[in-house]
């Protein structure tokens with residue numbers, strides 16, 4: 001468990017949320033829970049919302065709204081994604097938004113943005129140019145982690161086991177593409193947009209016609225489509241925390257309530273079950289934690305990530321599915337639950353992420369001679 005004394009006594013925390021991707025509402029829900037959990041004796045919170053059309057706004061009432069939303073949810077229940085702070089307030093320039101805090105105490109940006117134009121290195125590049133500390137992976141790891149095709153290419157280069165896969169760029173599509181997919185992988189297959197998360201745009205295609213429709217659906221979200229063989233295996237996830245010396249949580253297992261762990265199953269229904277720790281023997285636990293660290297290192301991860309695997313018992317063993325460089329923090333999200341099971345509370349986890357952001361920023365300044 002991190003020593004909270006390793007953090008400065010006061011930190012100005014700029015929480016970025018919302019964004020222009022299809023995961024806008026997931027980000028709003030994540031921000032609500034994070035802001036409600038932050039220690040007010042340690043953090044001065046400044047909330048900056050990004051609207052669906054890309055405007056940056058000073059959401060000055062967001063922290064208060066987060067507490068109110070949580071209380072309302074406790075009274076009326078409902079899906080976790082329904083708890084979201086509003087992206088409302090006076091418009092501000094992105095650079096001005098990062099200059100809200102006093103210079104007498106350190107400032108850290110917490111970019112709770114999921115999907116393109118937030119989790120993909122774009123905002124991280126802005127923060128690098130602004131010379132401000134921020135939570136999570138840098139530009140390269142964020143961009144590669146977001147793009148499933150590039151991430152799989154990197155993992156192949158590091159000889160990390162994965163399911164069979166291929167990627168298709170929109171202009172490469174031909175009348176014979178669907179037939180080629182079925183010939184290579186059989187049926188069913190999973191079809192995904194390369195740059196998207198929370199299972200948005202993902203389809204399990206069981207017929208030739210469904211493959212074609214699934215490709216069209218994925219192209220609504222990205223010009224690059226990833227197609228994967230369907231795996232009959234258990235879904236195992238591991239949380240990673242750290243910079244140069246990362247550590248892995250105990251593994252957890254997802255039992256989908258739907259046919260697969262789709263968007264509705266993650267955020268709208270209560271059908272999915274999270275088993276923490278996963279029911280694995282000691283050798284399997286050791287193996288999957290080691291592989292998760294290998295994936296994190298191969299992608300040059302920093303701060304945090306959730307690494308997802310399929311587990312073919314009696315077959316190929318653990319197969320890496322993907323890495324998420326900014327996993328959700330809603331009550332039903334696996335990342336904070338895995339750390340809670342590993343002895344790190346929600347609030348302590350946030351403190352550790354801020355500490356890691358400051359550590360990384362100090363190292364970055366040394367490397368760039370600032």
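The values are calculated or read from the model by the stated rules, or taken from the named source; none is laboratory data. Everything numeric here is computed off the predicted structure, so don't read it as measured data. Positions of Cβ are backbone-derived with ideal geometry, glycine not excepted, and every protein chain shown enters the neighbour counts.
Please determine whether any residue of the stretch 301-313 is more than 28 Å from residue 150 (Cβ to Cβ) and in contact (Cβ under 8 Å) with a residue 60 or more places away in the chain. I'd like the intermediate steps shown before the answer.
In the first step, residues of the stretch 301-313 are kept if they are more than 28 Å from residue 150 (Cβ to Cβ); the result is 313.
Add one more test, that the residue is in contact (Cβ under 8 Å) with a residue 60 or more places away in the chain, and what stays is 313.
Yes, the stretch 301-313 contains a residue that is more than 28 Å from residue 150 (Cβ to Cβ) and in contact (Cβ under 8 Å) with a residue 60 or more places away in the chain.
If we keep just the residues of the stretch 233-255 that are out of contact with any helix residue (DSSP H, G or I) (no Cβ under 9 Å at 6 or more places or on another chain) and not in a loop (DSSP other than H, G, I, E, B), which is nearest to residue 120 (Cα to Cα)?
Only one residue fits best here, namely 235.
Quick grid of which residues meet (1) assigned to a helix (DSSP H, G or I); (2) modelled with pLDDT under 90:
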| site | (1), (2) |
| --- | --- |
| 72 | yes, yes |
| 75 | yes, yes |
| 78 | no, yes |
| 86 | no, yes |
| 102 | no, yes |
| 109 | no, no |
| 113 | no, no |
| 128 | yes, no |
| 137 | no, no |
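Here's the yes/no breakdown for (1) modelled with pLDDT under 95; (2) assigned to a strand (DSSP E or B); (3) closer than 30 Å to residue 356 by Cβ:
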site: 152; (1), (2), (3): no, no, yes
site: 156; (1), (2), (3): no, no, yes
site: 167; (1), (2), (3): no, yes, no
site: 187; (1), (2), (3): no, no, no
site: 198; (1), (2), (3): yes, no, yes
site: 220; (1), (2), (3): yes, no, no
site: 227; (1), (2), (3): no, yes, no
site: 231; (1), (2), (3): yes, no, no
site: 257; (1), (2), (3): yes, no, no
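Anything in the stretch 159-186 that is closer than 30 Å to residue 293 by Cβ and either in contact with a strand residue (DSSP E or B) (Cβ under 9 Å, 6 or more places away or on another chain) or surrounded by 13 or more Cβ atoms within 10 Å (Cβ to Cβ) (or both)? List them, or say none. Walk me through it before giving the result.
Step one: list which residues in the stretch 159-186 are closer than 30 Å to residue 293 by Cβ, which gives 159-167, 185.
Once the filter is applied, which keeps residues that are closer than 30 Å to residue 293 by Cβ and either in contact with a strand residue (DSSP E or B) (Cβ under 9 Å, 6 or more places away or on another chain) or surrounded by 13 or more Cβ atoms within 10 Å (Cβ to Cβ) (or both), the stretch 159-186 yields 160, 161, 162, 163, 164, 165, 166, 167, 185.
Quick one: which helices (runs of 4 or more DSSP H) sit completely within the stretch 276-370 and have at least 2 residues that are in contact with a helix residue (DSSP H, G or I) (Cβ under 6 Å, 6 or more places away or on another chain) and within 23 Å of residue 14 (Cα to Cα)? It would help to see each step written out before you state the result.
Working: elements: 282-298, 334-341, 346-367.
Correct list: 346-367.
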